Structure formats: C-alpha cells, structure tokens
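Inspection log for the structure reproduced underneath, given as structure tokens.
The values are calculated or read from the model by the stated rules, or taken from the named source; none is laboratory data. None of the values given here were measured: they were computed from a predicted structure. Positions of Cβ are generated from backbone atoms using ideal geometry, with glycine treated the same way; all protein chains shown enter the neighbour counts.
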Amino acid sequence: MNESHEITSLEQLRAMADMLRLQIIDLLKERAMTVTQVAGLLNIAPAKMHYHVHELERVGLLRLVKTQEKGGVLEKYYEAIARELSVSKALLLSVPPDESLAAISFWFDQLKDDFQRAFRSALEKKDDQLSLMLGHSHLYLTAQEQKELAKQIAELLKPYEQKRNIEGEKRTATILICYPPEVPPRLDTSGDAIIMDETCMVGVAHFSRADLLKALSEGKRLRIKVVGVCQFADDITSELADRAVEQFSLIGKLHAPSPIKAILQKKQ
C-alpha cells in the first residue's frame with residue numbers, strides 16, 4: 001500500500017462522493033479484507049457491497065492484493081490504494097461549478113444523516129457520556145499557517161488511525177472542515193462592529209470565568225449552542241455573563257449558579 005495518492009481524475013472524485021465508499025476505503029486502509037468481511041463490519045448486504053467495491057477497484061482506489069481458495073470458494077482480498085488520499089487542486093478548478101456543488105451537497109447530506117443516526121442512537125441508549133463531538137470556532141490564519149495546522153492535526157491523529165485493541169476502543173468518524181465564512185460582522189446601535197464568536201458543541205461544554213474574560217478582551221461576544229451538557233463556573237458573575245454572552249441555545253442540561261441561569265434564559 002502506498003503512503004499517499006493524489007486524485008487527479010474526475011471519475012475517482014465522483015466515486016468518492018459517497019459516505020459508504022469512504023467507510024470502505026477507511027477499513028481497507030487498516031488491512032486487506034474480502035467483500036464479505038467488509039460487509040459484515042458495516043452491516044451491509046454482501047451483494048450491495050460487491051457493487052461498491054467493484055466501482056472503487058474500477059477507478060483505481062482499491063486493488064486486489066490476494067486470492068485464496070477456501071471451502072471451494074475463491075476469496076479475494078482488497079486493500080486501499082494508499083493510506084492518505086488528497087484531491088488535486090488542478091482537478092477541483094477544472095470541474096464545472098454546478099457539478100462540484102452537487103457533489104459537496106450530496107456528501108454533506110450523507111454526513112448529516114450519518115451523524116444524526118449516531119446522535120439518535122446515543123439518546124435512545126441514554127448515554128450520559130455522549131461520545132459525539134461537534135465543535136465550531138473561528139481561527140485567524142494565513143494560508144501557510146493553515147497548511148501547517150493541517151499537518152499538525154494529521155500528526156496528532158496518526159496514533160489513533162490503527163486499532164490498538166484496548167478496552168472501550170471503537171471506530172470514530174472524524175471530519176475536519178476549514179473555510180473562510182462570508183458573514184459580515186453585526187453592528188451595535190453605536191455603529192461599532194461586534195465580532196461574534198460562535199461555539200457549537202455536542203457533548204459537554206464548559207465555560208470558565210477566564211473563557212468569558214478572554215472573549216471580551218478580544219472584542220467578542222459569544223453565541224453558544226450546545227446539545228448535551230453545558231457548565232458555567234461558579235465564579236462567573238451575572239454582569240460578566242450578560243456582557244460576554246450574546247445568544248444562548250441549549251438542548252440538554254445546564255449546570256450554572258441560579259443568577260447565571262436567569263441571564264442565559266434571557267439570551268435564548
């Protein structure tokens with residue numbers, strides 16, 4: 001298996017615009033498997049899995065690495081073409097805008113459905129830990145700094161990309177998206193710009209006095225959206241919460257002093 005592969009054909013790009021196929025590639029990065037083995041891990045009918053594996057092999061994203069006979073049946077083992085896949089910038093620029101947008105929309109719809117299924121399952125199981133994360137933050141980066149950050153994140157993730165067979169370990173989908181938002185700052189009544197720092201979190205969100213003071217020192221006000229548990233430290237004053245929090249939305253449980261709860265209720 002190669003360490004990296006750059007996608008330069010529209011055919012390969014189209015083949016990857018499917019969450020199930022991305023899951024197949026991820027599994028076959030770990031080790032070579034048969035179609036039946038992959039189908040079992042993903043709880044998909046083998047006939048359906050055969051189609052997707054065949055398509056990925058046809059465009060060169062999977063390859064046959066071994067065959068062996070077992071019980072009169074010829075077993076075929078496949079692996080991913082590389083551990084890391086990237087898309088050529090030249091290819092992205094050459095694809096018609098409408099087709100690119102349609103592919104991205106299709107991918108995001110699948111991602112949303114996949115996350116919602118996991119979230120619904122966690123709620124039905126009454127999982128107090130909520131082993132899901134959905135965060136949002138604004139960073140101020142140059143193009144070079146963004147590249148360096150991506151490398152740093154990739155290095156942080158590497159130790160967890162292979163199974164370690166430890167207690168509590170489970171496959172976890174991880175998505176990283178960076179983009180420059182085209183949202184103008186709001187203006188207050190005096191005409192001064194107010195920079196909004198939006199925090200969206202699924203799971204447990206904790207806000208300390210230092211967090212709120214830091215936002216204010218940077219000229220920001222917080223828009224907080226939490227699904228799960230939200231905690232505010234006991235040393236946060238009502239006046240500080242009122243100044244630092246612009247908007248508050250919570251689906252779940254709030255742990256905060258009573259005066260802070262009263263302030264946050266007004267921000268909903």
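Yes or no: Gln247 in a strand (DSSP E or B), touching a Phe, Trp or Tyr at 6+ places or on another chain (Cβ under 9 Å) and surrounded by fewer than 17 Cβ atoms within 10 Å (Cβ to Cβ)?
Numbers: in a strand (DSSP E or B): yes; touching a Phe, Trp or Tyr at 6+ places or on another chain (Cβ under 9 Å): no; surrounded by fewer than 17 Cβ atoms within 10 Å (Cβ to Cβ): yes.
Considered against the rule, which asks whether it is in a strand (DSSP E or B), touching a Phe, Trp or Tyr at 6+ places or on another chain (Cβ under 9 Å) and surrounded by fewer than 17 Cβ atoms within 10 Å (Cβ to Cβ), Gln247 comes out as no.
Answer yes or no as to whether Ala241 is in a strand (DSSP E or B), at pLDDT 75 or above and surrounded by 13 or more Cβ atoms within 10 Å (Cβ to Cβ).
Details: in a strand (DSSP E or B): no; at pLDDT 75 or above: yes; surrounded by 13 or more Cβ atoms within 10 Å (Cβ to Cβ): yes.
In short, no.
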Near pairs, Cβ below 9 angstrom, 6+ apart or cross-chain, from segment 140-153 (under 11 Å from Cys178 (Cα atoms)) to any residue that is acidic (Asp, Glu):
Leu141/Glu148
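Every residue, every condition in (1) within 30 Å of Ile251 (Cα to Cα); (2) part of a helix (DSSP H, G or I), yes or no:
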site	(1), (2)
Leu20	yes, yes
Thr36	no, yes
His54	no, yes
Gly60	no, no
Ser121	yes, yes
Name, by its number, the condition in (1) exposed (fewer than 14 other Cβ atoms within 10 Å of the Cβ); (2) under 15 Å from Arg83 (Cβ atoms) that does not hold for Leu64.
(2)
So which of Ala32, Ala122, Ala47, Ala102 ends up being over 24 Å from Asn2 (Cα atoms), surrounded by 14 or more Cβ atoms within 10 Å (Cβ to Cβ) and hydrophobic (A, V, I, L, M, F, W, C)?
Ala122
Starting from segment 228-256, take each residue that is under 10 Å from Phe207 (Cα atoms) and list its partners that are among the charged types (D, E, K, R) and part of a strand (DSSP E or B), counting only C-beta distances under 9 angstrom and pairs at least six apart or across chains.
Cys230/Lys253
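Suppose we filter Lys267, Lys220, Lys214 for residues that are under 30 Å from Ala122 (Cα atoms) and of a type in the set (Lys, Arg); which single one remains?
Numbers: Lys220 fails: under 30 Å from Ala122 (Cα atoms); Lys214 fails: under 30 Å from Ala122 (Cα atoms).
That would be Lys267, the only listed residue that is under 30 Å from Ala122 (Cα atoms) and of a type in the set (Lys, Arg).
Please verify whether Leu13 is over 21 Å from Ala173 (Cα atoms), within 24 Å of the chain's Cα centre (by Cα) and assigned to a helix (DSSP H, G or I), treating the condition exactly as stated.
no
Give the residue that is nearest to Met19 (Cα to Cα), with candidates limited to residues of segment 32-84 that are in contact (Cβ under 8 Å) with a residue 60 or more places away in the chain and aliphatic (A, V, I, L, M). Don't jump to the end; show me each part of the working.
First, the residues of segment 32-84 that are in contact (Cβ under 8 Å) with a residue 60 or more places away in the chain: 79-84.
After this cut, where a residue has to be aliphatic (A, V, I, L, M) as well, the list is 80-82.
Numbers: Ala80: 15, Ile81: 18, Ala82: 18 Å.
Applying the filter and picking the extreme gives Ala80.
Does segment 82-94 contain any residue that is more than 26 Å from Leu62 (Cα to Cα) and at pLDDT 70 or above?
Start the filter on segment 82-94 by keeping residues that are more than 26 Å from Leu62 (Cα to Cα), which leaves none.
Scanning segment 82-94 turns up no residue that is more than 26 Å from Leu62 (Cα to Cα) and at pLDDT 70 or above.
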